[in-house]
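Notes to accompany the following structure.
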Amino acid sequence: MERKQPVAIIGAMEMEIEALLGAMEEEESRVVAGLVFHRGKISGVDCVVARCGAGKVNAAVCAQTMVCLYDPRLLINLGVAGGVDVEIGGLVVAQSCVQYDFDTTAVDPTPRGTILLAQPDGTDKEVLYFPCDERVGDILAQEAQRIYGGVVRGVVATGDRFMADKDWSRRLGEEYGARAIEMEGGSVAQVCCMNQIPCAVLRAISDNANGDATVDFPTFARSSSEKSAKLLEQALPLL
Ligand code: ADE
């Protein structure tokens, strides 16, 4: 029997995918570029799950490998994030993602975070906000509301930095409308945009990306990781 196109799921840390792997009826796994790709069913849905490691390059390698190997119908990045005016334990479903640390402002007039995507005709396409799929985002938000009684929809800001600075995180809120700050979502969203695959980014808040984050993150990362994974497990049959 031919297998369906799977839902591809990426978390940076083991604790972010642990609950999903626990719920998976695994059929096979393979290792590419040192990353382990687990293929099987979660809540009856064909999925492939991998841990990419922290940061944009790790996430991009993982996402593009999934696209090439598994032809997924949807790519989801889940896990924890620093919240901007979102309490610890709160859930954020991205409407779009921005890579706030991409900066060519010294030589061109585009706003910080604008990525140039090389086009086949030799031109570049400028993208500041990489979009997330509205239908999938609506479903994740509805389930978050139903199960946990609350959700925030907004921009997720991604950069290669653990953010523990209240002035910076406030600035990301003001400049981009960021509600969550993390290290992979914008990269996964870029890979999805380049491959024209629907994308979703789901984050549970583990800290507030401020001076307390160095203590809050190790304290709450596990419980928030489980929260985002459990939500996705429940929502998968609806996606
Ligand atoms: N993931 C969870 N909290 C984070 C933070 N404060 N900065 C970057 N990534 C995070």
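When we screen I10, I42, I17 for residues that are farther than 21 Å from M183 by Cα and open to solvent by less than 50 Å² (accessible area, probe 1.4 Å), the only hit is I42. The sole residue among G173, G211 that is in contact with a helix residue (DSSP H, G or I) (Cβ under 7 Å, 6 or more places away or on another chain) and either in a strand (DSSP E or B) or over 21 Å from I10 (Cα atoms) (or both) is G211. Residue count for the stretch 142-174, restricted to those that are in contact with a strand residue (DSSP E or B) (Cβ under 7 Å, 6 or more places away or on another chain) and among the acidic types (D, E): 0. Condition first: open to solvent by 70 Å² or more (accessible area, probe 1.4 Å), more than 11 Å from the ligand (Cβ to nearest atom) and either within 17 Å of the chain's Cα centre (by Cα) or free of Cβ contacts under 8 Å to residues at least 40 places away in the same chain (or both). Can you find one or more residues in the stretch 202-217 that meet it? Taking every residue of the stretch 202-217 in turn, at least one turns out to be open to solvent by 70 Å² or more (accessible area, probe 1.4 Å), more than 11 Å from the ligand (Cβ to nearest atom) and either within 17 Å of the chain's Cα centre (by Cα) or free of Cβ contacts under 8 Å to residues at least 40 places away in the same chain (or both).
Within the stretch 67-77, can you find the residues that are farther than 15 Å from E184 by Cα and of a type outside the set (D, E, K, R)? Quick ask: steps written out before the conclusion?
Step one: of the stretch 67-77, the residues farther than 15 Å from E184 by Cα are 67-74.
Scanning the stretch 67-77 gives V67, C68, L69, Y70, P72, L74.
Being part of a loop (DSSP other than H, G, I, E, B), more than 16 Å from the ligand (Cβ to nearest atom), of a type in the set (D, E) and in contact with a helix residue (DSSP H, G or I) (Cβ under 9 Å, 6 or more places away or on another chain), is that true of even one residue in the stretch 156-168? No; the residues of the stretch 156-168 include none that is part of a loop (DSSP other than H, G, I, E, B), more than 16 Å from the ligand (Cβ to nearest atom), of a type in the set (D, E) and in contact with a helix residue (DSSP H, G or I) (Cβ under 9 Å, 6 or more places away or on another chain). Residues of the stretch 57-79 that are open to solvent by 10 Å² or more (accessible area, probe 1.4 Å) and in contact with a Phe, Trp or Tyr (Cβ under 9 Å, 6 or more places away or on another chain): T65, L69, Y70.
Scan the stretch 175-185 and tell me whether some residue there is within 25 Å of P237 (Cα to Cα), within 16 Å of the ligand (Cβ to nearest atom), touching a strand residue (DSSP E or B) at 6+ places or on another chain (Cβ under 7 Å) and not polar (S, T, N, Q). Show your work before the answer.
Filtering the stretch 175-185 for residues within 25 Å of P237 (Cα to Cα) gives 184-185.
Subsequent filtering for residues that are within 16 Å of the ligand (Cβ to nearest atom) retains 184-185.
Imposing the further condition that a residue be touching a strand residue (DSSP E or B) at 6+ places or on another chain (Cβ under 7 Å) reduces the set to 184-185.
From what is left, the residues that are not polar (S, T, N, Q) are 184-185.
Yes, the stretch 175-185 contains a residue that is within 25 Å of P237 (Cα to Cα), within 16 Å of the ligand (Cβ to nearest atom), touching a strand residue (DSSP E or B) at 6+ places or on another chain (Cβ under 7 Å) and not polar (S, T, N, Q).
Just to be sure, is P131 under 17 Å from the mean Cα position of the chain (by Cα) and open to solvent by 60 Å² or more (accessible area, probe 1.4 Å)? It is true that P131 is under 17 Å from the mean Cα position of the chain (by Cα) and open to solvent by 60 Å² or more (accessible area, probe 1.4 Å). Scanning the stretch 144-163 for residues that are open to solvent by less than 40 Å² (accessible area, probe 1.4 Å) and either out of contact with any Leu (no Cβ under 6 Å at 6 or more places or on another chain) or among the basic types (K, R) (or both) yields G150, V152, G154, V155, V156, T158, G159, M163.
Table: residues versus (1) buried (at least 20 other Cβ atoms within 10 Å of the Cβ); (2) of a type in the set (A, V, I, L, M); (3) under 24 Å from A164 (Cα atoms).
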residue	(1), (2), (3)
E87	no, no, yes
A106	no, yes, no
G113	yes, no, yes
D124	no, no, no
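Residue-level check: of (1) within 15 Å of the ligand (Cβ to nearest atom); (2) surrounded by fewer than 24 Cβ atoms within 10 Å (Cβ to Cβ); (3) over 12 Å from V80 (Cβ atoms), K230 misses just (1).
The values are calculated or read from the model by the stated rules, or taken from the named source; none is laboratory data. Just so we're clear, the structure is a prediction, and the values are computed from it rather than from any experiment. All Cβ positions, even for glycine, are placed from backbone atoms using ideal geometry, and neighbour counts span all protein chains on display. Ligands, DNA and RNA are excluded from the accessible area calculation, which covers all protein heavy atoms including side chains. Shrake-Rupley method; radii C 1.70, N 1.55, O 1.52, S 1.80 Å.
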